[in-house]
Ligand SMILES: Cc1ncc(C[n+]2csc(CCOP(=O)(O)OP(=O)(O)O)c2C)c(N)n1
């Protein structure tokens, strides 16, 4: 793992706050009916995408899930293009066809969000095979929730990746809830990382803490890049809001939600930066204003962008 410079600490903090402000704004504009489909926000989980992606280079690839906004932003997608795609507009990276749940951006190695639980895992594993086959040293990161760890795709992919020593890091963001189902009723173990032993790869558990995730992801990415194979990294993350925007979370106890908020990964990182003289409160406030402005500008950009023309519907299809 490489040591972060003061500039990289600041950039990481900025990315985490950016993801939160984007998600908060999306909750509002989605609720106002401006975005089609469903959206799933990652508020409370911002440390993972940023800490993991800070260990990647541009040509490294990621695969993500229905809750993938934070991963795409952490990999560096332009905020205006991102927003245009969510609004279904023609100037989004997928020409407005993907929306939130299938967002992809090849130029930055964002292989795609995925509405199928566990669907990204074999795709990412295939990309890792391609990287090894082409000898190009790119590492693939596959983000998924603990709900995916019960899918066959998870077990088949991890088995193959270990057998063939593929350059991949499996990152499970375990927030304890798969839609409306608590982990305790669908999984007989507490740590998804225990499953790594079956596939003879390291299984690592870290809390929802930027520094710990950054260090563990760094080790896993380096191991993959050295050709030593995959790692299963589990983050005990917490989601603050419902499964999708509009879910009232009636299935969750109040103290579970309050506990999630109390373990805020951004506040924790901010405290670390303040107490180590890496950030001052006035700098944090200025950064926040700047981020809020850029989010508002991206929303306006998306609102004012054109929808694709129906005549373009079959463009880009193989057959
Ligand atoms: C194969 C499949 N089964 C079920 C669903 C319905 N579904 C959508 S999200 C979800 C829960 C996912 O939970 P998890 O993987 O833990 O991710 P999180 O939502 O917590 O980020 C389910 C069951 C689906 N989309 N795909």
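What follows is calculated from the coordinates using simple rules that are stated; it is not laboratory data. None of these values were measured; they are calculated from a predicted model. Here the Cβ positions follow ideal geometry from the backbone for every residue, glycine too, while neighbour counts run over all protein chains shown.
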- Task: Can you put 180, 143 in order of Cβ neighbours within 10 angstrom, beginning with the fewest?
- Result: 180, 143
- So what is the relative contact order for the chain, in percent, with contacts set as C-alpha pairs under 8 Å and at least six apart? 23 percent
- Roughly how many nanometres apart are two label points built 7 Å out from the Cα toward the Cβ at residue 95 and residue 186? 3.4 nm
- Task: Counting other beta carbons within 10 Å of each Cβ, put 157, 275 in order, fewest first.
- Result: 275, 157
- Length released on extending from residue 226 to residue 274, taking residue separation times 0.36 nm less the Cα-Cα span: 13.7 nm
- Task: For segment 191-273, just run the numbers: alpha carbon Rg, then divide by 2.2 N^0.38 Å, N being how many residues it has.
- Result: 1.35
- Note on the structure: What the Cα atoms of segment 94-244 span along the principal axes, largest first and in whole Å, is 42, 41, 31
- Sort the following peptides by mean Cβ neighbour count (other Cβ atoms within 10 Å, averaged over residues), highest first: 258-268, 53-63. 53-63, 258-268
- Query: Using the reciprocal of the averaged 1/r over all distinct C-alpha pairs, how large is the Kirkwood radius of the chain in Å?
  - Reply: 19.9 Å
- Only Cα pairs under 8 Å and at least 6 apart count here; give the relative contact order of segment 186-319 as a rounded whole percent. 18 percent
- Which value results when the Cα radius of gyration for segment 152-191 is divided by 2.2 N^0.38 Å? 1.43
- Query: Put a dot 7 Å past each Cα toward the Cβ at residue 58 and residue 255; how far apart are the dots in nm?
  - Reply: 5.0 nm
- Task: Measure out, as a whole number of angstrom, how far apart the alpha-carbon centroids of segment 250-319 and segment 184-224 sit.
- Result: 25 Å
- Length gained if residue 34 through residue 116 is fully extended, taking 0.36 nm per residue and subtracting the Cα-Cα distance, is 27.1 nm
- So how much slack lies between residue 317 and residue 198, counting 0.36 nm per residue of separation and subtracting their Cα-Cα distance, in nm? 38.9 nm
